[in-house]
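**Student:** This is the structure I want to talk about, given as structure tokens.
Read-outs throughout are calculated quantities, based only on the coordinates presented, and are distinct from any laboratory measurement. Every value quoted in this text rests on a predicted model; they were computed, and no experiment measured them. Quick reminder, even Gly has a Cβ in these numbers, built from the backbone with ideal geometry, and neighbours come from all protein chains shown.
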């Protein structure tokens with residue numbers, strides 16, 4: 001049940017970040033009339049978001065000497081090292097959690113891009129006034 005709630009929250013988060021990104025992009029584009037500059041910057045942010053999403057999805061980190069977790073910020077699986085054996089504790093919803101972590105990585109970059117465009121828009125609004 002918690003995975004469904006997290007999935008809904010991530011979906012809303014991505015939708016809001018996309019809408020704010022598009023609003024800021026259209027507003028700033030009206031000031032510049034240089035669409036190619038923003039397409040290059042947006043493409044760079046999208047590539048960075050995909051890279052960060054993949055890193056979030058496949059990161060393996062040690063919790064302590066015995067336990068290792070996979071995927072951040074929501075762990076999808078745990079591995080326990082005991083007497084030279086590896087015991088895995090994989091969540092039944094591991095794949096959806098990995099997908100959610102991927103979208104959290106992509107969304108965090110979109111929020112950063114949206115914030116940068118908002119600051120740029122405010123700078124040019126003040127300059128025109």
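**Student:** Which length gain, in nm to one decimal place, applies between residue 40 and residue 7 when the Cα-Cα distance is subtracted from 0.36 nm times their residue separation? Can you show the working numbers first?
**Tutor:** Details: separation 33, 0.36 × 33 = 11.88 nm, distance 3.03 nm.
Once the chain is fully extended between residue 40 and residue 7, it gains 8.9 nm.
**Student:** Just rank 80, 113, fewest to most, by other beta-carbon atoms within 10 angstrom. Numbers along the way, then the final one.
**Tutor:** On the way: 80 13, 113 22.
Ascending number of Cβ neighbours within 10 Å: 80, 113.
**Student:** Just order 89-98, 49-58 by mean Cβ neighbour count inside 10 Å, highest at the front, would you? Intermediate results must be reported in sequence, preceding the final value.
**Tutor:** On the way: 89-98: 14.7, 49-58: 16.9.
Peptide ranking by packing, descending: 49-58, 89-98.
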